[in-house]
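The values are calculated or read from the model by the stated rules, or taken from the named source; none is laboratory data. Predicted, not measured: the structure shown is a model, and the values here were computed from it. Counting neighbours? That spans all protein chains shown, and the Cβs are built from the backbone with ideal geometry, glycine included. Surface accessibility is based on the protein's heavy atoms, side chains included, excluding ligands, DNA and RNA. Shrake-Rupley method; radii C 1.70, N 1.55, O 1.52, S 1.80 Å.
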Amino acid sequence: MKVFSDYHHSGLYFSFHLLFEERLGWELYRPIGMEWFPQWWDIAKPYGQNESTAKQYLEIRDSEPFYAPTDGSPVLNSIVDRKPEHYVIEEIAHGYRQKAMTFQQFLDTDIDIIVASLPDHWVTYTKLRDMYKPKAKVICQSGNIFWENEELIRSGTVKNLMASTKAFPVPEGVNAVSYHQEQPVIPYKTIKKTMNISSYVHLLPLPGLYEEYSKALPQYNWRAYGAGCPNGLIHKLSDLYQNIQDSDWVYNVKPRGDGYGWVWHSAFMLGRPVITNASDYRDKLGGELFEDGITGIDLEKGTVQENALLIKNLCDNDWIQKMGDKARERWEQVVNYDAEFWVLQKFLERLI
């Protein structure tokens, strides 16, 4: 089976690689080449169809240096081989190789499944299928549920919904599955008491709140990683995992939360309690992992001074280690990739 998918989030696409290529033994392809833009590539829409965004994801250069993103993130099209049917890309963040197709290569290939992981692409890729690959099935993947997603589902645009969100009602006749995006799992290591509190959310939402807590807890090393953050980007997943393990807490404040949340799930998988505004994740998939005082701290329960004292006392009394144990334990109770793979197989067998 040949699967063609858009590519906008490296973690999400890596989960597709783990599902379609590693577990199922199929072939996964993504777009490359500026011919996709703008008609069949909508990732730049929120940025005014900025051509530099399209180049970051699509541009082909015959030799190094490859196109370097202006935000300092890893090169996305590090080409290591060119085949008649696709390009081979060295993916830096997760350490594997991707297959990428120009628009012409896509036209020349029999595609069985098209995956659209953005609401704009739910529409665009359905048109792409109808025009060029009428036998292919379209999967609409959702990592976030907002009103525009729900409208497209209700309107009948979506036939096959693959949602890494908390399960929600869908209209009759929609083939749907709720699941967790798979990511590498590594053994749990106990908290080292490094006095590090780390954030990994791009652009550091609510920076004033972060500053308040860093001032209230000056004995801790406060670190904020990500695009537009004071400590810069962490390019490789292995380095991110190591950084989280070198932290006592993961500070994760993200208004509106995530439908999934790679950092959020990574923190629990690695057994690091979170400091958060619990309402960001309430009624979302990630919310199933959080329990105030057990697997993390809800900042909305107290004042800055009260919460700072609580965090200090938890560390001083070694309760934080028990919280780390509980965070990993909760993740193991909630997330089971092998069991979900069986459910995903059934979903794929039912594609409309």
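A few remarks follow.
- Rounded tilt (10° steps) of 119-132 against the dominant C-alpha axis of the chain: 20
- Share of carbon and sulfur in the accessible area of segment 2-112 stands at 45%, probe radius 1.4 Å.
- The Cα atoms of segment 1-61 give a gyration tensor whose axes a ≥ b ≥ c have a/c of 1.5 or more with a/b greater than b/c, which makes the shape prolate.
- Column: log10 I(q)/I(0), Debye, Cα scatterers of segment 153-267, q = 0.09, 0.15, 0.19, 0.24 Å⁻¹: -0.35, -0.77, -1.02, -1.39
- Rounded to the nearest 20 debye, the dipole size of segment 206-315 about its Cα centre is 240 debye, using +1 on the Cβ of Lys and Arg and -1 on the Cβ of Asp and Glu.
- Counting only alpha carbon atoms, the long axis of helix 337-349 and the longest principal axis of the chain meet at about 30°.
- Computed with a 1.4 Å probe over protein heavy atoms only, the accessible surface of segment 1-123 comes to 42 Å² per residue.
- Quotient of C-alpha Rg and 2.2 N^0.38 Å, computed over segment 70-213: 1.38
- Apportionment of accessible area to carbon and sulfur, segment 279-352, percent (1.4 Å): 50
- The share of Cα pairs per 10 Å bin across segment 1-127, counted from zero up to the longest distance, runs 12, 47, 36, 4 percent.
- When every Cα-Cα distance of segment 266-352 is counted in 5 angstrom steps from zero, the calculated P(r) takes the values 3, 14, 20, 19, 15, 10, 6, 5, 4, 2, 1, 0 percent.
- Backbone N within segment 310-332 under 18 Å of label point (7 Å from residue 291 Cα along the Cβ vector): 319-332
- Scattering profile of segment 211-324 at q = 0.13, 0.15 Å⁻¹ [log10 I(q)/I(0), Debye over alpha-carbon scatterers]: -0.48, -0.65
- Accessible surface, segment 234-352, averaged per residue in Å² (probe 1.4 Å): 42
- Segment 178-238: C-alpha pair distances exceeding 13 Å, %: 71
- Computed from point charges on the beta carbon alone (+1 for Lys and Arg, -1 for Asp and Glu), the dipole magnitude for the chain about its Cα centre is near 180 Debye.
- Cα-based shape type of segment 44-90, given that a ≥ b ≥ c are square roots of the gyration tensor eigenvalues and the cut on a/c is 1.5: prolate
- Protein accessible area in segment 135-249, 1.4 Å probe - carbon and sulfur %: 55
- Evaluated over segment 275-315, the Cα radius of gyration and Dmax, each in Å: 10.5, 30
- Full extension of the chain segment joining residue 339 with residue 108 gains 79.6 nm, where the gain is 0.36 nm per residue of separation less the Cα-Cα distance.
- Residue 47/residue 131 FRET efficiency (R0 25 Å; Cβ-Cβ; nearest 0.05): 0.45
- Dipole magnitude of segment 68-207 about its Cα centre (Cβ charges: Lys, Arg +1; Asp, Glu -1), debye to nearest 20: 420
- Based on alpha-carbon atoms, the Kirkwood radius and the radius of gyration of the chain give Rg/Rh equal to 0.98.
- Among the listed pairs 135/159; 189/254; 192/236, those beyond 24 Å (Cα-Cα): 189/254
- Sequence-distant residues sharing a close amide H with residue 183 (under 5 Å, placed H): none
- Amide hydrogen neighbours beyond the local backbone of residue 114, cut-off 5 Å, H modeled: 4, 137, 138, 139
- Between 0 and 90°, nearest 10: helix 304-316 axis offset from the chain longest Cα axis: 80
- Look at the dipole of the chain built from charges on Cβ: of 275, 213, 185, the Cα furthest out on the positive end belongs to 185.
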